[in-house]
Structures are given as structure tokens and as C-alpha cells.
Amino acid sequence: MSAKNLDKKNRRRNVTVAFRMSEEESGDLNTRVKLSGLTKQDYIIKRLLEHDIVVQGNPRVFKALRNQMTEILTELRRIENSSEISDEFFEILKLTAKTYYGMNNK
């Protein structure tokens with residue numbers, strides 16, 4: 001049995017779960033995964049099982065935060081009035097701010 005299929009509690013992960021997403025949902029998921037610092041698999045498992053996502057500061061998370069803040073700034077410069085702000089953009093903005101604030105307070 002390869003160590004690649006074992007989780008941190010030494011359980012074998014041999015069940016595959018697949019589902020379909022839109023391009024927008026996939027982009028949103030990828031952004032959330034990058035900001036969490038977790039692997040996509042670990043992020044999805046924690047969210048589905050309603051476990052807390054605890055972001056551990058590391059260079060990869062800081063880079064993701066920096067890149068996300070750059071994307072947010074670009075989008076804010078493009079927006080001319082508040083009616084142009086999509087719900088998805090607002091959710092990512094809130095998540096990024098929450099992650100950044102949490103990293104600053106540690």
C-alpha cells in the first residue's frame with residue numbers, strides 16, 4: 001500500500017468522488033483553495049464534512065493573497081458603480097479580507 005493513498009490518520013483513501021462545476025464555480029473553488037493553503041482534496045473534504053478551515057501562513061498563502069489582492073484592485077478600478085459588483089466578486093473580496101486580517105493578527 002503506497003503512502004500516497006494514506007491520510008494523516010493513516011487511513012487509506014481509495015474512494016473517488018466526482019462532480020461537475022461551471023467554469024465560474026471552478027474558478028471560485030480554485031481561489032478559495034489557494035487562499036487556504038490546503039490541497040484541493042483536503043479543502044473539499046474539510047468543507048464537505050463541515051470542519052474548520054485553518055489557514056497556516058506560508059509563502060504560498062502569502063503569494064496567493066498578494067495575487068488575489070492584485071486581481072481585486074484591478075476589478076475595483078474597472079467598476080464604475082456599485083451595481084456592477086457581482087455576488088461572487090463580493091464573496092471573494094470578503095474571504096480575501098478575512099484571510100488577510102487573520103494573517104495579520106497572528
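The values are calculated or read from the model by the stated rules, or taken from the named source; none is laboratory data. For clarity, every value in this text was computed on a predicted model and none was experimentally measured. Here the Cβ is made from the backbone with ideal geometry for all residues, glycine too, and neighbour counts use every protein chain on show.
Tabulated results
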| quantity | calculated |
| --- | --- |
| Selected residue (criterion: nearest to residue 71 (Cα to Cα)) from residues of the range 4-35 that are free of Cβ contacts under 8 Å to residues at least 60 places away in the same chain and polar (S, T, N, Q) | 30 |
| Single match in 87, 7 (criterion: at pLDDT below 85 and surrounded by fewer than 13 Cβ atoms within 10 Å (Cβ to Cβ)) | 7 |
| Hits in the range 26-60 - residues which are under 24 Å from residue 89 (Cβ atoms), at pLDDT 90 or above and β-branched (Val, Ile, Thr) | 31, 33, 44 |
| Out of 70, 39, sole residue that is surrounded by 10 or more Cβ atoms within 10 Å (Cβ to Cβ), polar (S, T, N, Q) and under 12 Å from the mean Cα position of the chain (by Cα) | 39 |
| Residues of the range 63-84 that turn out to be under 17 Å from residue 98 (Cβ atoms) and either at pLDDT below 90 or of a type in the set (A, V, I, L, M) (or both), as a count | 4 |
